[in-house]
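K.L.:
Starting off with a structure, shown below.
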Amino acid sequence: MYGFEPQFHIPMLSTAVPSADERREELRQAREDATSALTLAAERMKEYYDRYVRDAPEFKDGQKVWLDTRNFRVPGVSRKLVDRYAGPYLVKCKVGNLAYELKLPKDLALHPVFHVSLLLPHKESQLPGRHPPEPASIEVEGEEEYEVEEVLESRRYGRWKKL
């Protein structure tokens, strides 16, 4: 106090405690066991994951791809009647590891970057001169709409459902 620091001479005691050393060794061994179990579990999870998951396809610039419509919202049309894939559209460039920018028509009004899981490679028809028929469109208030020609099948379960 007041500028004076007292000197403490405490004799050092032996710190070797057999029970503490044994406990430390038990904890070290438990940690090693837990680490090896986690490593083994991670290897098994990777093995099971790799059985069913395929590598993401690579698309080149200018390649045609189909765009999955599962996230499209079409007002006034049932999800069941919307095509599963739209396009084909051209790939502009790769954005990041798993996304691609597509060249979309201006009237589609969508962000042009899509994850690779929403893209399907376009394959040309093997039959020469054969093109898929385009559905007939109708313009209503300046927007194209498509008309259903007929309902092929329906069933009754509570109320009528169009299949």
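K.L.:
What number of residues in the range 1-49 are within 50 Å of the chain's Cα centre (by Cα) and either in contact (Cβ under 8 Å) with a residue 40 or more places away in the chain or not in a helix (DSSP H, G or I) (or both)?
P.N.:
0
K.L.:
What's the number of the only condition in (1) of a type in the set (S, T, Y); (2) loosely packed, with under 10 Cβ neighbours inside 10 Å; (3) touching a Phe, Trp or Tyr at 6+ places or on another chain (Cβ under 9 Å) that Y49 fails to meet?
P.N.:
(3)
K.L.:
Let me ask you something else. Give the residue that is nearest to E124 (Cα to Cα), with candidates limited to residues of the range 83-99 that are in a strand (DSSP E or B) and either in contact with a Phe, Trp or Tyr (Cβ under 6 Å, 6 or more places away or on another chain) or among the acidic types (D, E) (or both).
P.N.:
Restricting to residues being in a strand (DSSP E or B) and either in contact with a Phe, Trp or Tyr (Cβ under 6 Å, 6 or more places away or on another chain) or among the acidic types (D, E) (or both), the top hit is P88.
K.L.:
Here's something else I'd like to know. If you take the residues in the range 90-108 that are more than 21 Å from the chain's Cα centre (by Cα) and modelled with pLDDT of 85 or more, which one is surrounded by the fewest Cβ atoms within 10 Å (Cβ to Cβ)?
P.N.:
K103
K.L.:
Further, regarding this structure: Could you check how many residues of the range 52-82 are outside any loop (DSSP other than H, G, I, E, B) and surrounded by 10 or more Cβ atoms within 10 Å (Cβ to Cβ)?
P.N.:
Of the residues in that region, 7 qualify.
K.L.:
Hey, another quick one. Within the range 50-89, count every residue that is within 18 Å of A109 (Cβ to Cβ), among the hydrophobic types (A, V, I, L, M, F, W, C) and more than 21 Å from the chain's Cα centre (by Cα).
P.N.:
3
K.L.:
Look through G142, G87, G76 and report the one residue that is modelled with pLDDT under 85 and under 25 Å from A56 (Cα atoms).
P.N.:
Criteria check complete, one pass: G87.
The values are calculated or read from the model by the stated rules, or taken from the named source; none is laboratory data. In this text the structure is predicted, and so the values were computed from the model without any measurement. Methodologically, a virtual Cβ is constructed for each residue, glycine included, from the backbone with ideal geometry; neighbour enumeration extends over all protein chains shown.
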